[in-house]
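Undergrad: First the structure, then my questions, so here it is.
A short reminder: the numbers here are calculations on the coordinates, not readings from a lab. In this text, all values refer to a predicted model and were calculated from it rather than measured experimentally. All Cβ positions, glycine included, derive from the backbone under ideal geometry; neighbour counts span all protein chains shown.
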Amino acid sequence: MSQQNNFIACSCCFTDQGLRLDAQMLGESSASACPNCHKKQGAKLTKEALLRLAHQYFVWGSFHRTEYGGAPTIEFNNRRSGGEVAFPPSLSNDASLIEKVCGIGFFHYGPRLWMIGEVEPLKQLQDQSTRDTIIHRIINEYPEKSLDPGNLFYRVRKAPAVPDSHGEYDSPPIGVTGNGRFDAEDFRVLYASPDLEVCVHECRFSAEDELYVATLNTTKPLRLLNLTSIPKEDVTEFESLDISINMLFLARQHSYEIARQIATRARDEGFDGLIYPSYFSQLRTGVIPLRTTYGLSNRRIPEYQEIEEALSVPNYAFFGQPIDEGKINVRCINKMVISRVEYGFHFGPVGI
């Protein structure tokens, strides 16, 4: 618990309701009077907590996704005097208060261009004439991982026709393929994950759906190309294969054609499947995507790479029909009852 004289503001100091709610979540309960607004009922904030609030609301809250990558439109530091951003009237006084008591200034952020997709290997992946060259690099520069029989993972399905049939949890049959990141009309893929919550989220269920989960394991070691790993590179962000792959899996359906060609090449090279970062990693870990330190990608800073790898929630993509082929065993099948859903959220500015 912070000492009273370390508090510099409270949630009641703010007019904007989103900012006030974020302040309540980050602040501390205390019966002391706020040194700024003199109210007792608000959640009290130290300078450190107020800076976290500023980053969460103004920086992460202004994050704008581009076709590949993305960046915040607002940043702040202690070298700016404040008053550079024309906030809406409902937010202007709140922003000025944070600038004053923290000694910072908000400003419009001009990101380094790699953050919005200006990465050479990524651009080459988007170009049909150069795509094969980069896919060749991916196959050769990313590590192989052997998935051993003792490792458990899961597959969740909505309303399978015969819930207790093992075949219902194999890859979808030809004719209903072509909707996922890697599968195509003539290329079957079984999607699974060791993270059960990610499985549930990726099945995109509604309240009336009946869900079933199969607990799976391999029957022998399978060769997987591990795209959640950070390969060794001595390059800038603009030349990084790692950042290119990271952005590829943060992108929406327009990236699927590239991903499918990576998968088919991996199959042709003898891999049984892929380990790849879930599109929903951000929701699972609760961190801003494409994190930077002084404009440098944390993925390029050696001291941070282990942390960044851990923030990529892994999914598995197994090629073919691995259950029918005997490569994967169904250990058990359970009906899944969703008893409660909770959302973690915070807010950001509008119209900046």
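Undergrad: Determine the relative contact order of the chain: mean sequence separation of Cα pairs under 8 Å and six or more apart, normalised by residue count, in whole percent.
TA: Numbers: 631 pairs, mean separation 70.1, N = 352.
It comes to 20 percent, rounded to a whole number.
Undergrad: Taking a ≥ b ≥ c as the square roots of the eigenvalues of the Cα gyration tensor of the stretch 23-93, is the shape rounded (a/c under 1.5), prolate (a/b larger than b/c) or oblate?
TA: Values: a/c = 2.44, a/b = 1.86, b/c = 1.32.
Note, shape of the stretch 23-93 comes out prolate.
Undergrad: Next question, about the same structure. Taking the highest mean first, how do the peptides 325-333, 276-284 order by number of other beta carbon atoms within 10 angstrom per residue?
TA: Numbers: 325-333: 15.8, 276-284: 18.7.
So the order, starting with the most tightly packed, is 276-284, 325-333.
Undergrad: Cβ neighbours within 10 Å, averaged per peptide: list 206-213, 179-186 in order, most packed at the top. Kindly include the intermediate steps, with their values, before the conclusion.
TA: On the way: 206-213: 12.6, 179-186: 17.1.
Answer by packing, highest mean first, reads 179-186, 206-213.
Undergrad: Under the rule of -39500 (n - 2.57) per DSSP H run of 4 or more residues, summed and divided by the residues of the chain, what mean residue ellipticity at 222 nm is obtained, to the nearest 500 deg cm²/dmol? Spell out each step's value before the answer.
TA: Working: 10 runs with 94 residues, N = 352.
Helix-only estimate at 222 nm: -7500 deg cm²/dmol.
Undergrad: Now for a different question. Can you tell me how much longer the chain between residue 236 and residue 33 gets when fully stretched, taken as 0.36 nm per residue apart minus their C-alpha distance, in nm with one decimal?
TA: On the way: separation 203, 0.36 × 203 = 73.08 nm, distance 4.96 nm.
In short, 68.1 nm is gained.
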